[in-house]
Amino acid sequence: MQKHNHVLLVLAHPDDETNLSGTLAMHIHQGTPVTYVCLTLGEMGRNMGSPIIANRVTLPMIRKKELEQSCESIGIEDLRMWGYHDKMVEFEDQALLAHRVKETIEELNPSLIITFYPGFSVHPDHEACGRAVIRAVESLPEESRPTVHAVAFSRGCEEILGPPDVINEVGEFFEQKKGSFFAHRTQFQIMVGFHNDDQELRARWSKERFWTYRFH
Amino acid sequence: MQLIDSEEVQKRLTKWQNEDLYMHQEMTTGAYASHPASTFVKNAKIRYSLGTIAGEGPYRVGLKMEDGWVYAQGLTHWDFTDNHQLILAGHDDKGRLVVCLMLSKEPF
């Protein structure tokens, strides 16, 4: 995998990073610092653990701790929680949000940004997150734009986008990825609980897929 | 009630930014769902600084207030009554009300 000077990750909810945590761990292993901007605390989530270990009031603080633990497992040292309200990112002033992302890009000068692919990332918070990042990068002069690797998972997205052009083999970073998933215990217990078999998880988690965003 | 015209709804929401309003908001699964649940708030006093309708139908609405938010998802129909009440509602494929958000300068 190409070595980058700095990777900026911009996602919407604590746990959005889990599916790409192998890639993040790989960058960190190569000595590349990773900054993770997480827009919300996921405080409107429905999953409260099983058995239930959170409520509407305690969920944001619990998810914050889960996120910190996930980042620790991956090796992310610069975690920035911007504290927008879960579900409400698309209702914020969109120009202001994009501007804030742009300021962060200017501060860090990353050679790679990872975010959601606008139009193909299902949840309105994901869509608004991806749009803001693309808008911020588009506002930079063409020659100084970092590469953007976007995640896409809406139904039929491959028919429109084609196959992902970046496929990272991350089997080597299984422990970091498992640690990231299991840190989010209010969110993943139901899904992962009966998949404690490492062999199966290794098989499911060995590849991470991205699309390089094409600016027009 | 008519199908939502998001531009028209946006105009109404923008017009009432920074005004004192009454809000009625409800959501119901109906009494015969496997886990019947419903909730409503009638005539809560609110004031929002930013009001937005989003989506391509069914629609979402978010109202940003000084200390919080109002949110509704699944909206399909709207009306603006002779009494200046903005009515936004979401009906399922059988026409049943699932979700409703109403704003007015006078109590409902």
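Points worth noting:
- Three principal axis lengths of chain B [C-alpha, angstrom, descending]: 40, 26, 26
- Taking every DSSP helix (H) stretch of at least 4 residues in chain A, weighting each as -39,500 (n - 2.57) and dividing the sum by the residue count yields a mean residue ellipticity at 222 nm of -12000 deg cm²/dmol.
- Using only alpha carbons, the range A:72-216 has a radius of gyration to Kirkwood radius ratio (Rg to Rh) of 0.98.
- Total formal charge among the other residues, if their Cβ is under 14 angstrom from that of B:D79, Lys/Arg +1 and Asp/Glu -1: -2
- Scanning residues 5 or more positions from B:V98 or on other chains, those with amide H under 5 Å from its amide H are B:G90, B:H91, B:D92, with H placed 1.01 Å from N in the peptide plane.
- Rounded to 5, the percent of DSSP beta bridges in chain A classed as antiparallel: 25
- Across all Cα atoms of the protein assembly as shown, the radius of gyration (one decimal) and Dmax (whole number) stand at 21.5, 66 Å.
- Counting only Cβ charges, +1 for Lys and Arg and -1 for Asp and Glu, the dipole size of the range A:121-216 around its Cα centre is about 220 debye.
- Ordering B:Y59, A:Y117, B:Y22 from the fewest to the most neighbouring beta carbons within 10 Å gives B:Y22, B:Y59, A:Y117.
- Per DSSP, loop trypsin sites (Lys or Arg not before Pro) in the range B:25-108 with at most 16 further Cβ within 10 Å: B:R47, B:K94, B:R96, B:K105
- Per-residue extension of 0.36 nm, minus the Cα-Cα distance of A:R145 and A:E107, leaves a gain of 12.3 nm for this segment.
- For chain B, calculated [θ]222 nm from helices alone, where every DSSP H run of n ≥ 4 adds -39500 (n - 2.57): -2500 deg cm²/dmol
- Residue by residue, the range B:69-78 carries 3J(HN,Hα) couplings of 9, 10, 9, 9, 10, x, 7, 10, 10, 8 Hz when phi is fed to the Karplus relation 6.51 cos²θ - 1.76 cosθ + 1.60 (θ = phi - 60°); x denotes Gly or Pro.
- Mean-square fluctuations from a GNM of chain A, with a 10 angstrom spring cutoff on Cα atoms, peak among A:D125, A:D78, A:D86 at A:D78.
- Estimated vicinal HN-Hα couplings, Hz - the range A:12-17 in sequence order (Karplus 6.51, -1.76, 1.60; Gly, Pro = x): 9, 10, x, 4, 4, 7
- Size descriptor for the range A:138-187, Kirkwood hydrodynamic radius: 14.6 Å (Cα pairs only, one decimal).
- Given B:K64/B:K94; B:K15/B:K105; A:K87/B:K94; A:K65/A:K178, the pairs whose alpha carbons are separated by over 20 Å: B:K64/B:K94; A:K87/B:K94
- Build a GNM of chain A with springs between Cα atoms under 10 Å apart, and of A:P146, A:P163, A:P110 the one that fluctuates most is A:P163.
- All other residues whose Cβ lies under 14 angstrom from that of A:N19 are scored, Lys and Arg at +1 and Asp and Glu at -1, for a net of +1.
- Largest GNM mean-square fluctuation among B:A72, B:A33, B:A89, using chain B with Cα springs under 10 Å: B:A33.
- Its Cα centre serving as origin, chain A has a Cβ charge dipole (Lys and Arg +1, Asp and Glu -1) of approximately 360 debye.
- For the pair B:F80 and B:T39, label points projected 7 Å from Cα toward Cβ lie 3.0 nm apart.
- Panel order for A:E77, A:E43, A:E159, by other beta carbons found within 10 Å of each beta carbon, from fewest to most: A:E159, A:E77, A:E43.
- If you take all other residues with their beta carbon under 13 Å from the beta carbon of B:M102, and give Lys and Arg +1 and Asp and Glu -1, the sum is 0.
Just so you know, all these numbers are worked out from the coordinates, no wet-lab data involved. All of these numbers come straight from a predicted model, not from anything done at the bench. Counting neighbours? That spans all protein chains shown, and the Cβs are built from the backbone with ideal geometry, glycine included.
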